[in-house]
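*Asks:* Got a structure for you, written out below as structure tokens; questions coming shortly.
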Amino acid sequence: MKFVSLIAAASAALALTVAPPALAHGAGETVTTNFEKEIPNIPGKTLVATVVDYAPGAESAPHAHAKSAFVYAYVVSGEIESKVNDGPARVYKAGESFYEPPASLHPISRNASKTKPARLLAVIVLDNDEVGEITTSLDQH
């Protein structure tokens, strides 16, 4: 278990030091793709790492993940409230992690604090042809 924590911490540190310019994803939320590479020993699969920065009180729009996307999420700093599919909403603190199975619905993903920023590292494995469709908004607007 300590090995997994060490890998998560190393991945988070790497994400914070080599991230390219960010892409705005929504008000108060910035999503930065930090790594994307086809996995050579798993044909047809790609690994994508993204950093999600939340301003105080910011949240992601409700969204669905690609049908093949397995998501590992690690809270780098602050506190993130998340709800996946029909599971309960839960607040994850810095150093904690969770996962989202393929084809998940993510109705809640937000900074649990109204006064402090939060940062999340998401590591995603998905089919190569779904890389451009990792998330799809569930908003009907």
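*Asks:* List the strands (runs of 3 or more DSSP E) that sit entirely inside segment 90-141 and contain at least 3 residues that are within 13 Å of the chain's Cα centre (by Cα). Can you show your working first?
*Replies:* Values: elements: 90-93, 97-100, 108-111, 118-127, 135-137.
Those strands (runs of 3 or more DSSP E) span 97-100, 108-111, 118-127.
*Asks:* Looking at segment 65-77, can you tell me whether even one residue there is out of contact with any His (no Cβ under 7 Å at 6 or more places or on another chain), open to solvent by 50 Å² or more (accessible area, probe 1.4 Å) and not in a strand (DSSP E or B)?
*Replies:* Let us first name the residues in segment 65-77 that are out of contact with any His (no Cβ under 7 Å at 6 or more places or on another chain), namely 66-70, 72-77.
Narrowing further to those that are open to solvent by 50 Å² or more (accessible area, probe 1.4 Å): 67, 70, 72.
Still in the list and also not in a strand (DSSP E or B): 67.
Yes.
*Asks:* Same structure again: Of all residues in segment 111-123, count the ones that are open to solvent by 40 Å² or more (accessible area, probe 1.4 Å) and either β-branched (Val, Ile, Thr) or within 16 Å of residue 65 (Cα to Cα) (or both). Give the derivation first.
*Replies:* First, the residues of segment 111-123 that are open to solvent by 40 Å² or more (accessible area, probe 1.4 Å): 112, 114-117, 119.
Filter once more, so that each one left must be either β-branched (Val, Ile, Thr) or within 16 Å of residue 65 (Cα to Cα) (or both): 115.
Of the residues in segment 111-123, 1 are open to solvent by 40 Å² or more (accessible area, probe 1.4 Å) and either β-branched (Val, Ile, Thr) or within 16 Å of residue 65 (Cα to Cα) (or both).
*Asks:* For the subset of segment 23-64 comprising residues that are under 13 Å from the mean Cα position of the chain (by Cα) and farther than 26 Å from residue 91 by Cβ, which member is surrounded by the fewest Cβ atoms within 10 Å (Cβ to Cβ)?
*Replies:* 47
*Asks:* Turning to a different aspect of this structure: Taking interchain pairs and intrachain pairs at least six residues apart, which have beta carbon atoms under 8 angstrom, with the first residue in segment 57-69 and touching a residue at least 40 places away in the same chain (Cβ under 8 Å) and the second open to solvent by less than 20 Å² (accessible area, probe 1.4 Å) and part of a loop (DSSP other than H, G, I, E, B)?
*Replies:* 64/104; 65/104; 69/104
The values are calculated or read from the model by the stated rules, or taken from the named source; none is laboratory data. All figures in this text were calculated on a predicted structure; none of them were measured in a lab. Here Cβ is always computed from backbone atoms with ideal geometry, including for glycine, and neighbour counts include all displayed protein chains. Remember, those area values only see protein heavy atoms, side chains included, never the ligands or the DNA or RNA. Shrake-Rupley method; radii C 1.70, N 1.55, O 1.52, S 1.80 Å.
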